[in-house]
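Before any comments, here is the structure.
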Amino acid sequence: MYKLIIFGAPGAGKGTQADLLAKKLDLFHFSTGNYLRELATKETQIGKKVKQILDKGELVPDDIMIEIIKEALENNNKQNGFILDGFPRTIRQAEELDKIFKSMNLHDIIVIYLNVPDEEIIKRLLLRGRSDDNEEIVRKRLSVYKETTSKVLEYYKTNNKKIVEVNGIGDIEEINNIIISKITKNYYI
Ligand code: AMP
């Protein structure tokens, strides 16, 4: 059973790679960004709140995110496993996720770190043209990544997770094959 987390800056290609991995390995792909964008289209109280946060490029509060991820993992019925995309984004989320994994008896989680340099990230985000990809929000999302989310990688390095680091620049299919070969050959950093 594959228990994967895909990690990296916004625009690193997490969604694209997670999609491919999910197809090839028959995994449950859970993207918190996709989930929240869908939630933000609803005219409910939570929908409106989430929309405001997404439009500013800020993070949705941890308590909400933890409930969302818990429910997603509990409802997953793919035998081959899952890939989390966009979660965790804070140390608290990472700590709570560890507790959830423990309570569900899930061990040997692998973190795939897609490494892409800043200049390339900015170029990609501005080209992508998603509604939260205008220049001001892009800058905000990058600063949130630098100040908060990037610390999650340090957390995982000191908490004995298996980390696979992959250069996220290049051909999509090639990057995907490298990820799969590193996972299957246990090339952890
Ligand atoms: P993404 O598609 O992963 O880039 O996520 C889009 C937006 O959704 C982010 O800029 C955040 O506002 C929000 N978001 C996604 N995942 C999380 C999370 N784990 N914690 C808080 N906010 C999140």
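Could you please find all residues in the stretch 114-127 being in a helix (DSSP H, G or I) and either at positive phi or in contact with a helix residue (DSSP H, G or I) (Cβ under 9 Å, 6 or more places away or on another chain) (or both)? Give the steps one after another, and end with the answer.
We begin by selecting, within the stretch 114-127, every residue in a helix (DSSP H, G or I); these are 118-127.
Once the filter is applied, which keeps residues that are in a helix (DSSP H, G or I) and either at positive phi or in contact with a helix residue (DSSP H, G or I) (Cβ under 9 Å, 6 or more places away or on another chain) (or both), the stretch 114-127 yields D118, I121, I122, L125, L126.
Which residue pairs have Cβ atoms closer than 8 Å, lie 6 or more positions apart in sequence or on different chains, and pair a first residue in the stretch 91-106 that is without any contact (Cβ under 8 Å) to a residue 40 or more places away in the chain and outside any helix (DSSP H, G or I) with a second residue that is away from the ligand (no atom under 12 Å from the Cβ) and among the aliphatic types (A, V, I, L, M)?
M104/L73
Considering each residue of the stretch 25-48, count those that are assigned to a loop (DSSP other than H, G, I, E, B) and in contact with a Leu (Cβ under 9 Å, 6 or more places away or on another chain), and give that number.
2
Residue under question is Q17, and the condition is that it be polar (S, T, N, Q), touching a residue at least 40 places away in the same chain (Cβ under 8 Å) and not in a helix (DSSP H, G or I); does it hold?
The answer is no for Q17.
Can you tell me which residue is nearest to D62 (Cα to Cα) among those in the stretch 132-161 that are of a type in the set (K, R) and surrounded by fewer than 17 Cβ atoms within 10 Å (Cβ to Cβ)?
Going through the qualifying residues, I end up with K151.
Only one of (1) within 13 Å of the ligand (Cβ to nearest atom); (2) touching a residue at least 60 places away in the same chain (Cβ under 8 Å); (3) hydrophobic (A, V, I, L, M, F, W, C); (4) not in a helix (DSSP H, G or I) is not met by F82, so which one is it?
(1)
Scanning for something surrounded by fewer than 20 Cβ atoms within 10 Å (Cβ to Cβ), of a type outside the set (D, E, K, R) and in contact with a Lys or Arg (Cβ under 9 Å, 6 or more places away or on another chain), does the stretch 5-21 turn up at least one residue?
Scanning the stretch 5-21 turns up no residue that is surrounded by fewer than 20 Cβ atoms within 10 Å (Cβ to Cβ), of a type outside the set (D, E, K, R) and in contact with a Lys or Arg (Cβ under 9 Å, 6 or more places away or on another chain).
Taking the stated definitions as given, is K51 under 16 Å from the mean Cα position of the chain (by Cα), in a helix (DSSP H, G or I) and closer than 26 Å to K146 by Cα?
For K51, the condition - under 16 Å from the mean Cα position of the chain (by Cα), in a helix (DSSP H, G or I) and closer than 26 Å to K146 by Cα - is not met.
Scan the stretch 60-79 for residues that are surrounded by fewer than 17 Cβ atoms within 10 Å (Cβ to Cβ) and either among the acidic types (D, E) or not in a helix (DSSP H, G or I) (or both) and jot them down.
Matches in the stretch 60-79: P61, D62, D63, E67, E71, E74, N76, N77, K78, Q79.
For the stretch 25-72, what are the residues that are hydroxyl-bearing (S, T, Y) and within 9 Å of the ligand (Cβ to nearest atom)?
Scanning the stretch 25-72 gives S31, T32, Y35.
Of all residues in the stretch 54-81, how many are farther than 28 Å from K3 by Cβ and among the β-branched types (V, I, T)?
Summing the residues that are farther than 28 Å from K3 by Cβ and among the β-branched types (V, I, T) in the stretch 54-81 gives 0.
Where a number appears in this text, it was derived from the coordinates with a stated rule and is not lab data. Small disclaimer: the values here were computed from a predicted structure and weren't measured. A quick note on method: Cβ atoms are made from the backbone with ideal geometry, for glycine too, and the neighbour counts reach across all protein chains shown.
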